[in-house]
Amino acid sequence: MPEMPEVHTILTDLEQAGLVGRKIEHADIFWPRTISTPDANTFCQHVRHQTIIGLDRRGKYLIFHLSNHLYLLAHLRMTGKLMLMPPDVPLSPYVRLQFRLDNQQELRFHDTRKFGRWYLVHHLDEVIGKIGPEPLGPDFSLEAFKRLLKGRKRALKPLLLDQSFLAGLGNIYVDEALWEAGLHPLQPANQLNAQEAKKLYDGIRHVLKRGIESRGTTLGTGRTNYYRLDGTRGQHQTLLNVFRRTGKPCPRCGHIIEKRIVAQRSTHFCPVCQPFLTR
């Protein structure tokens, strides 16, 4: 589930916890398929005794810069989460990977459904070379967004979910951005006029910034949901306008919010505020 605001929050939490400058003494892999590349043994050999000299994010990927000039990347997928623990805390059966650090702490990767993946590579492009631009990046202007939309016949919902088109958006923030812009999730992208493109551009940036400020979205109370590094919840769920609000009144017009499946994803929208426009 973690999308860009959640991953950004985890990155900030790791920085504030002092992870930069810490040395990885040892890595323990409890489910080898968690490591996408290289093989588990090579992974452990090459992260051992390496210092984390920097942290970064690209789309939904966390990036650890290591002192041996390798990059350690993590994609949390649906249920992955990071926890910083003292070694005397019992190990959960859902921890798939852990790093023993030089300050008597352990960075644990907890992943109930086993979808998360880790990568150790020489070049970032090996993993994230085809990811689209960052929606909050300094170079992502309205004109750049219009150029991306030009000639795109795909419906807005699946297009915005496509990480090669735009980085970091997932189901929650796409639904919220489309509501902010007043656009139907099935509207073809190439049918947007200049005003609608601006509304969508502003809507995307608005919901992502709000998600970051609220420290991410925690839906429900189950442990498979997103939680911050210290186990606390994000607060953005209190600000959602349409996502998982099926049958409730639209905050803007009062009409009942509907749900349908678009691109194999549950999609929430207001049919009055977000009409499908025939053009």
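The values are calculated or read from the model by the stated rules, or taken from the named source; none is laboratory data. Everything quoted here is computed from the prediction, not taken from an experiment. All Cβ positions, glycine included, derive from the backbone under ideal geometry; neighbour counts span all protein chains shown. When the accessible area is computed, the model is the full protein with side chains, heavy atoms only, and any ligands, DNA or RNA have been set aside. Shrake-Rupley method; radii C 1.70, N 1.55, O 1.52, S 1.80 Å.
Computing FRET efficiency as 1/(1 + (r/R0)^6) for Thr51 and Arg147, where r is the C-beta to C-beta distance and R0 is 51 Å, gives about 0.80. Over the stretch 193-255, accessible surface divided per residue gives 51 Å², non-protein components excluded, 1.4 Å probe. Based on Cα contacts under 8 Å between residues 6+ apart, the stretch 1-80 shows a relative contact order of 33 percent. What you get for the stretch 1-139, charging only the Cβ of Lys and Arg (+1) and of Asp and Glu (-1), is a dipole of about 420 debye around the Cα centre.
Reducing the stretch 111-188 and the stretch 190-215 to their Cα centroids gives an inter-centroid distance of 12 Å.
Quickly rank 85-94, 30-39 as a protection proxy: mean count of other C-beta atoms within 10 Å, highest first.
The packing order, highest mean first, is 30-39, 85-94.
Of interest is the spacing of the C-alpha centroids, which for the stretch 55-106 and the stretch 1-54 amounts to 4 Å. Contact order, relative form, for the chain: 18 percent (alpha carbon pairs under 8 Å, 6 or more residues apart, mean separation divided by residue count).
The computed Kirkwood radius over Cα pairs in Å for the structure shown corresponds, within (1) 19.8; (2) 19.3; (3) 21.0, to (1). GNM remark for the chain: springs join alpha carbons under 10 Å apart, and the peak mean-square fluctuation among Ala167, Ala144, Ala181 falls on Ala144. Of the solvent-accessible surface of the stretch 140-279, computed with a 1.4 Å probe and all protein chains present, 50% belongs to carbon and sulfur.
Using a Gaussian network model of the chain in which every pair of alpha carbons under 10 angstrom is joined by a spring, one finds that among Tyr226, Tyr61, Tyr201 the greatest mean-square fluctuation is at Tyr201. Counting only DSSP beta bridges with both residues in the stretch 1-76, the antiparallel share comes to about 100 percent.
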